[in-house]
1. Work out, step by step, the length gained on full extension between B:Thr661 and B:Met205: first 0.36 nm times the residue separation, then minus their alpha carbon distance; give nm to one decimal.
2. What FRET efficiency comes out for B:His711 versus A:Arg24 if R0 is 30 angstrom and r is the Cβ-Cβ distance? Round to the nearest 0.05.
3. Largest first, how would B:Asp749, A:Asp90, B:Asp723 line up by accessible area (1.4 Å probe)?
4. Tally Lys/Arg at +1 and Asp/Glu at -1 over every other residue whose Cβ is under 14 Å from the Cβ of B:Gly243; what's the total?
5. Set the Förster distance to 35 Å, then compute FRET efficiency between B:Arg693 and A:Gln87 from the Cβ-Cβ distance, nearest 0.05.
6. When the Karplus curve 6.51 cos²θ - 1.76 cosθ + 1.60 is applied with θ = phi - 60°, which whole-Hz ³J(HN,Hα) does each residue of segment B:727-743 get, with x for Gly and Pro?
7. Please give the solvent-accessible surface of B:His676 in Å², to the nearest 10, using a probe radius of 1.4 Å with every protein chain present.
8. Express in Å², to the nearest 10, the accessible area of B:Arg430 obtained by rolling a 1.4 Å probe over the protein heavy atoms while all chains stay in place.
Amino acid sequence: MAGHVLVIEDEPNIIEAIKFILSREGWNVATHSNGEDAVDVVRAKSPDVLILDVMLPGRSGYDILRELRGDAATENLPVLMLTARGQSKDREMAERAGASRFMTKPFSNAEVLEAVRALAPV
Amino acid sequence: MTNLNALAAISILYVLFLFGVAFFAERASRRGRAKWLRAPIIYTLSLSIYCTAWTFYGAVGSAARNGFEYLTIYLGPSLVLIGWWWVLRKLVRIGRVQRITSIADLISSRYGKSNLLGVGVTLLAVIGTTPYIALQLQSVTLSVEVFHHATPGGVEEQSTAFWVAVGLAVFTVIFGTRNLDANERHHGVVMAIAVEAIVKLAALMAVGIFVVWGISGGVSETLARIDASELGQWEVNGGRWAGLMFLSAAAFLCLPRMFQVMVVENDNDQQLRMAAWAFPLYLMLMSLFIVPIAVVGLDVLPAGSNPDLFVLTVPLEYGQNALALLSFLGGFSSATSMVIVAAIALSTMVSNHIVMPIWLRLNENMVSVSGDVRHVVLLSRRLSIAGVLSLGYLYYSQSGGGAALSVIGLVAFTGVAQVLPAMLGGIFWRGATRIGALAGLTVGFVVWLYTLYLPSFGPGAIIPKSFFENGPFGIGWLHPEALFGISGIDPLLHAVIWSLSLNTVAFFVASLASFPSPLERLQGAQFVNIQQGTGGTRSWSHGAAEAEDLMVMAQRILGATDAQALFLREARRQGSETHLPAPTPEFLQILERELAGSVGAATAHAMVGQIVGGMSVSVEDLMAVADETAQMMEYSATLEAQSQELSRTAAQLRAANDKLTRLSVQKDAFLSQISHELRTPMTSIRAFSEILRDGDGITPEEQSKYASIIHDEAIRLTRLLDDLLDLSVLENGQVSLNLGDGLLCDVLDRAEAAALAYDDKRGLEIIRDASKEQVWLNTDTERLSQVFINLISNARKYCDAPQRVLEIRVTKGETLSVDFIDNGSGVATEAQDVIFEKFARVSDQKAGGAGLGLAISRQIVTRLGGAISYLPGEGGAAFRVVLPLDRALAAQ
């Protein structure tokens, strides 16, 4: 498995945890911690799977996702959304924005791994 | 044999005698010795003008022709006086209180002072009375002729009538228009009439006694003669009797001259009480000898003699010249008294309802400016008298006497009786309206005209003969004497039934169908409720009337003396020092009533209205309107208050709702924030603890690093929870302050040490001026230190300058200011308020705080009695903490 995963998340400890989990399973993990230029980073890296936090400095994850879905290049990009807000409306918003998967923090490592595996194109 | 000159001389003497009586009475009344003039007996006798020459002479004629039918003419009024005494009393009271001047005034006044009705009734009265006056002139002429036949060489009958008319006009003008106030009693005239009443009763009784005892030889012989005559066999026509009785009763109430003596000349209820029994007695005496005279006349006089003149011819036949002369004077009295009173009554009506309104309209602007109204009123009334008598004379000379006149009495009765429904309805039924009265009068008048008055001139005279054969234009049911195909009734009865019943129906239907004006309703109430109420006329509201203007007008109508007396009296009554009373509504009402006595209610109302300012609404109306308005205003004020209360409540509710909604949103946001703040460290802890648990492929360095991350994040969680609890305690006011004295520099030292203890490698230089920090504070130094730690930590965490510097400035004034200013880029303007909110983080950098620091600091400073705010314009981020200074401590 040599899939590329891009993690956009502002909490350094969480980035490190996800990176460790995925790298250990053979994924190439790139990280980014700012919302503002997130879309450019996604285009530049064109990952196989994108893990996207909702609350990002500069721009909300929903916003970024909506822009990605409007672009033909990233229209079908598998996106796993992470949020620390566990309310049902957050899930709805994620779905409406076009998230492929939605996960509430704190998550189990196995869950994340499984989700990335499922989302990654074969 | 009495010669004509002697007759003329006696007549003139008699007239002069009447002048004397009238003059004497008038003078006595002016001198205030008129008490006896108001005696009920005088009033009762004055009612005798009901018995005109038509009754004086005609009753005998009627008895000779129709038997006892003449009695109905006497029975009608008797029944009214005895049975309908209360109706008369009501009429009389209304007349007194409302200062009614005539029957036209009564109707006009009752129906909202409608002048149209006044004019209508006046015309009806003139049409109905003129032939009657003619009849009186004819009777005088006929009676003179009796003597003319008896003596050779005489006067022409036309000139007799003419001179009688002139004489009556003079008498009436002199005694009938002495006073402008038509409502004032004409004591002279009434007295003269009372004398005439005695003369005619005495004359008739003298003739009667002569006939019974002088000719027949006693009562029993007379009765035998009556039994033997045809008279006893006359069959009584029940319907005609009832009809005539009703008609005479109606006429007694409605005849203008009867209204004049009965209502206008009435002074008090006592007069009426006596008249109620005494006048029927008078009528009985008048009728007592009618039949004997008729029977004897038929017996002793040659066939073909006019039975109408038996009263004269029987004594003459027996050579009783003196008796005949007395009888002549009786007839003359009957005729003259009727004509005088009728002329007064009619002239008042004509003047007040026709002449004055026209004059007023033509001189609309002159009333209060110039012109002597008093003079005009007098002149118009005098001219009206002359006009009425001229009409009578013309009618007499044109009709040529004869058959047409003999029935005219009943025809006239029927005509004036048309006023009855409007009059009785007006005083007993509040629902009666002007429209109803107009409709009833019009219908009654037209039907009377068509079925009785015009046919009375004979077929072909005015109504074409064909009408009496097949009905007009062949319409059978419109036959003048068989309306709706009901034929075979006596023409008089036919006319009475149809005119009065259609009149009444029209009156009721139109009254019910129409809506009365406020004035009508008010007048209606006053007329109908006369017994209970004071019954004043509706009064004026406080208008723009000037007393001077009213005075000028009143002088013209009442005369200077009377007007000044009235004004002075009212001024005194009002307690005014001047001779002019204030134009209060009460005064205006009194004035209007005084004026109404002279010129009639409608005219007086119009005149006062011109000065007051065209107000035609009564005070009662205004009061009612004001009451209603007040009620409505009160109601609407209540509503408004309620609505204000409601809108206030609604606003409060809306505010509360907004607040709750806001709170709910805040709560959601807060929970969401807490959730986020809690879940973030939890995520790290879980993830790394799982990694550590699984343990495969981890270097020892990683292991140690991950363990310390878990540790740090656990501490972060703990701190967050501590902060939350702290904030919660502070916000709920449950915190207990541990107050004590302390030096500011000590607190700052402690805070600096604590804030920099957990240092990273970035470093923060703190600039302080120790000399200014020697300030004693009485405060919770632990809490204050917590605030300072937060502010220093923020500078350490968020200051973006490469070489970070925090200056702490202390300023001591009324209060103590401690400013924390760093050299970073500061806080954006739009965020400067937000930063004190919970979980407000404006920086991009993650600095480990949950964003509760400033919120907690603000709570603490507020508790300590101070304030914390952002200081704009300092370049870097700048916060000012203001603390109160204890004076005692500050002095140290």
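1. So the chain would gain 153.1 nm between B:Thr661 and B:Met205.
2. Rounded to the nearest 0.05, the efficiency is 0.85.
3. Reading off the accessible areas and sorting them downward yields B:Asp749, B:Asp723, A:Asp90.
4. -1
5. The value I calculate is 0.75.
6. After applying 6.51 cos²θ - 1.76 cosθ + 1.60, I find 4, 4, 4, 5, 5, 7, x, 8, 6, 9, 7, 9, 6, x, 7, x, 8 Hz.
7. 20
8. Surface accessible to solvent at B:Arg430 totals approximately 120 Å².
The values are calculated or read from the model by the stated rules, or taken from the named source; none is laboratory data. Computed from a predicted structure; not experimentally measured. For neighbour counting, all protein chains shown are included, and Cβ atoms are generated from backbone atoms with ideal geometry for every residue, glycine included. What goes into the accessible areas is simple: the full protein's heavy atoms, side chains included, and nothing from ligands, DNA or RNA. Shrake-Rupley method; radii C 1.70, N 1.55, O 1.52, S 1.80 Å.
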